[in-house]
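The values are calculated or read from the model by the stated rules, or taken from the named source; none is laboratory data. All values reported here derive from a predicted model rather than from experimental measurement. Every residue, glycine as well, gets a Cβ built from its backbone with ideal geometry; the counts of neighbours run over all protein chains shown.
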């Protein structure tokens with residue numbers, strides 16, 4: 001009898017837990033899509049933006065992944081975050097100052113990462129099965145210093161547009177801190193889903209409205225649930241990032257954004273799926 005009572009209490013408890021699950025309200029079909037941050041995030045056995053990290057995130061069941069992209073001297077897009085290759089690889093120099101042939105054999109330099117190489121977007125997308133099952137967020141790292149900025153931006157836009165067309169990735173997201181760069185992309189294709197990345201939500205909101213952008217990309221530290229709601233009321237989607245822990249995942253979901261880029265993708269999937 002005692003065991004039966006405990007069982008009944010347990011069932012009731014579990015039922016209550018399920019009924020108390022927060023019902024998300026947003027523009028994304030009232031669900032939060034889970035994206036990896038540069039794949040599996042900052043603290044992982046794989047280096048950020050490596051093929052292995054990006055693929056692992058997808059294979060876990062994520063809706064997609066964010067990846068940092070840059071342009072080489074000969075206009076090849078690669079998945080890489082830092083301005084200077086020497087900060088995390090065995091290559092010296094700036095991405096834009098080197099051709100792809102000078103970069104493609106480079107390796108990440110930290111001891112645990114030394115078996116992993118830098119990849120181009122062509123290498124990435126030509127080796128992902130069910131490619132169109134995922135959404136990719138291109139975080140465009142722009143470093144035009146000491147360069148012809150107009151040429152650099154035009155080359156970048158042309159390379160990105162070519163990649164998206166080649167792999168039929170029109171459903172992807174593109175984010176940048178530079179509205180002039182986003183405007184060039186908008187002129188190239190008015191259907192691109194463009195996100196302005198701004199620390200200040202109000203400034204980001206104004207830019208998104210003024211230029212009819214798809215969304216705003218914000219650190220979770222710089223946006224409140226109320227601000228997310230304001231954006232949604234104006235038909236502007238919200239991506240949040242700098243989500244580094246399980247507690248960050250929970251706090252982030254409770255704000256009802258449309259998309260979360262997380263360093264803890266497995267945990268976020270357990271929350272939102």
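Side notes on the structure shown:
- Residues that are touching a residue at least 24 places away in the same chain (Cβ under 8 Å), more than 14 Å from the chain's Cα centre (by Cα) and within 23 Å of residue 141 (Cα to Cα) do not occur anywhere in region 240-250.
- For region 206-217, a residue qualifies if it is surrounded by 13 or more Cβ atoms within 10 Å (Cβ to Cβ) and farther than 20 Å from residue 37 by Cβ, and the qualifying residues are 206, 207, 208, 209, 211, 213.
- If you go through region 218-235 and keep only what is surrounded by 14 or more Cβ atoms within 10 Å (Cβ to Cβ), without any contact (Cβ under 8 Å) to a residue 60 or more places away in the chain and either part of a loop (DSSP other than H, G, I, E, B) or within 20 Å of the chain's Cα centre (by Cα) (or both), you end up with 218, 219, 220, 222, 223, 231.
- Exactly one residue among 260, 240, 207 is modelled with pLDDT of 95 or more, touching a helix residue (DSSP H, G or I) at 6+ places or on another chain (Cβ under 6 Å) and farther than 22 Å from residue 61 by Cβ, and that residue is 207.
- Among the conditions (1) crowded, with 18+ Cβ neighbours inside 10 Å; (2) free of Cβ contacts under 8 Å to residues at least 60 places away in the same chain; (3) closer than 13 Å to residue 117 by Cα, the only one that residue 49 does not satisfy is (2).
- For region 123-149, the set of residues classified as exposed (fewer than 11 other Cβ atoms within 10 Å of the Cβ) and over 12 Å from residue 55 (Cα atoms) consists of 133, 145, 146, 148, listed by residue number.
- Within region 54-74, the set of residues being in a helix (DSSP H, G or I), surrounded by 18 or more Cβ atoms within 10 Å (Cβ to Cβ) and without any contact (Cβ under 8 Å) to a residue 60 or more places away in the chain comprises just one member, 56.
- For region 27-46, a residue qualifies if it is part of a strand (DSSP E or B) and surrounded by fewer than 22 Cβ atoms within 10 Å (Cβ to Cβ), and exactly one does: 33.
- A count restricted to region 251-273 and to residues that are touching a residue at least 40 places away in the same chain (Cβ under 8 Å), surrounded by fewer than 21 Cβ atoms within 10 Å (Cβ to Cβ) and over 20 Å from residue 224 (Cα atoms) stands at 3.
- Single residue of region 241-250 satisfying the filter (in contact with a strand residue (DSSP E or B) (Cβ under 9 Å, 6 or more places away or on another chain) and part of a helix (DSSP H, G or I)) that is surrounded by the fewest Cβ atoms within 10 Å (Cβ to Cβ): 248
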